[in-house]
Amino acid sequence: MTKIDSIFQPKKGFALIAVLLALATLTVLFAVTSSHVVSSRAELRTDQILLARSSNAADLLRLAAHWKRDIGPDSLEFHAAQAGVRIRFQDVGGLVDLNTGRPELIDEIAETIGIDRDGLANFREWRRNANRLQRVEDFYRISGFSDASGQEDLRRWATVHSGRPGIALDHVPSDLKTPLSVLDIEEFDSPATGATFLVENVNDENRRIILGVIHIPASGPIRILRVN
């Protein structure tokens with residue numbers, strides 16, 4: 001062996017060890033990364049399934065909000081996934097605000113959906129303490145009434161987003177006019193919001209499915225206030 005060979009031979013051995021260690025490290029990293037990739041794909045698939053189940057209403061609300069701002073009418077029809085979609089906009093000024101509405105209006109809704117006098121008393125006491133509902137469905141919980149069979153009507157007749165003491169008569173849903181017919185309804189006339197809407201999807205069986213509530217200001221960003 002030459003002198004030069006004797007100098008570089010050990011370095012070749014160290015290089016080989018270094019390469020083997022690098023290969024071993026890469027093998028471990030590959031195994032760990034593959035495991036993470038498989039796990040991440042599984043999580044992603046789960047997220048996609050959950051998103052598919054929950055995002056339809058939010059996606060429709062965003063579409064409806066931009067369409068409403070750009071076009072303006074109170075209904076929208078289009079086809080998606082080979083099915084017809086009919087969107088209906090309800091100005092919340094035509095609904096009874098459970099936080100700010102006059103007691104007479106709330107009383108008539110409560111009686112129609114089955115909340116008794118004791119339940120109403122509980123709610124009035126709760127509201128007098130400057131409490132505010134975040135969701136119309138909480139009306140049942142605060143009143144202490146467990147039979148929520150009238151919740152669908154409550155969602156379509158009441159709101160927590162108008163801020164009105166009265167109700168915009170030109171925007172009252174047709175099926176809400178009957179419960180309020182015992183009142184001199186002209187006395188409760190309030191302006192519409194013109195910007196905040198309950199959004200419904202009317203399906204092929206003509207059943208109305210509430211998607212949520214949107215706020216469309218004259219300028220500034222559109223906001224989704226509620227997704228059902």
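Residues to consider are 42, 121; find the one that is at pLDDT 85 or above and either assigned to a helix (DSSP H, G or I) or closer than 28 Å to residue 207 by Cα (or both). Write out each step before concluding.
Details: 42 fails: at pLDDT 85 or above.
One residue alone meets the criteria, 121.
Go through (1) touching a residue at least 60 places away in the same chain (Cβ under 8 Å); (2) open to solvent by 60 Å² or more (accessible area, probe 1.4 Å); (3) of a type in the set (A, V, I, L, M); (4) touching a strand residue (DSSP E or B) at 6+ places or on another chain (Cβ under 9 Å) for residue 216 and report which single condition fails.
Failing condition for residue 216: (2).
From the set of residues in the range 128-139 that are assigned to a helix (DSSP H, G or I) and modelled with pLDDT of 90 or more, which is least open to solvent (accessible area, probe 1.4 Å)?
Result: 139.
Residue by residue, here is whether (1) charged (D, E, K, R); (2) farther than 15 Å from residue 98 by Cβ holds:
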| position | (1), (2) |
| --- | --- |
| 122 | no, no |
| 159 | no, no |
| 183 | no, yes |
| 187 | yes, yes |
| 218 | no, yes |
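The values are calculated or read from the model by the stated rules, or taken from the named source; none is laboratory data. Please read all numbers here as calculations on a predicted model, not as lab measurements. FYI the Cβ positions are ideal-geometry reconstructions off the backbone, even for glycines, and counts take in every protein chain you see. Accessible surface areas use protein heavy atoms only, side chains included; no ligands, DNA or RNA. Shrake-Rupley method; radii C 1.70, N 1.55, O 1.52, S 1.80 Å.
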